[in-house]
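These notes are about the structure you will find just below.
Derivation of every value follows stated rules applied to the coordinates shown; laboratory data play no part. For clarity, every value in this text was computed on a predicted model and none was experimentally measured. Note: ideal-geometry Cβ built from the backbone for every residue, glycine included; neighbour counts use all protein chains shown.
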Amino acid sequence: MSSARLIRRAGVLKGGYVAIQETAPLTHILLASGSEVQLAVAAAKTLGAGTRVVSMPSFERFNRQTAEYRESILPKSVRKRVSIEAGVTGLWSQYVGLDGKMIGIDRFGISAPGATVFKELGITAEAVIAAAQAL
């Protein structure tokens with residue numbers, strides 16, 4: 001098993017991990033879980049080398065980790081954060097803080113193929129990019 005796969009696996013067990021590591025000074029953090037991670041990855045490519053993508057498959061497990069681990073994934077010094085959720089956004093507020101933005105559905109959804117629903121509800125890489133750039 002590759003070292004990247006081992007790191008991801010360990011990160012999943014901890015509830016959250018860095019899926020895409022920034023290669024320049026950290027300016028933005030994009031947070032997602034499940035299928036929304038692909039939107040964060042796509043947005044990060046446009047936002048640039050200072051963007052980190054965090055996959056957060058389990059809030060509960062992540063919150064049980066040490067303060068040091070949580071800080072290594074979500075450093076308090078970086079307040080430009082955007083979460084992406086194909087559902088209600090409220091649970092993400094604890095991670096994006098007062099300065100961040102949450103993209104999701106805080107109303108009744110629609111029924112259609114997934115890609116169509118995401119586009120109609122504004123859950124797209126373009127929406128993530130716009131939200132991050134507005135911070």
Of the residues in the stretch 30-48, those that are of a type in the set (D, E, K, R) and either farther than 14 Å from Phe118 by Cβ or in contact with a Pro (Cβ under 7 Å, 6 or more places away or on another chain) (or both) come to Lys45
Quick check on this structure: which one of Ser77, Ser35, Ser72 is closer than 18 Å to Val128 by Cβ and either hydroxyl-bearing (Ser, Thr, Tyr) or without any contact (Cβ under 8 Å) to a residue 24 or more places away in the chain (or both)? Ser35
Give the stretch 76-135 a look and list any residue that's basic (Lys, Arg) and over 12 Å from the mean Cα position of the chain (by Cα), or say none. Lys76, Arg79, Arg107, Lys119
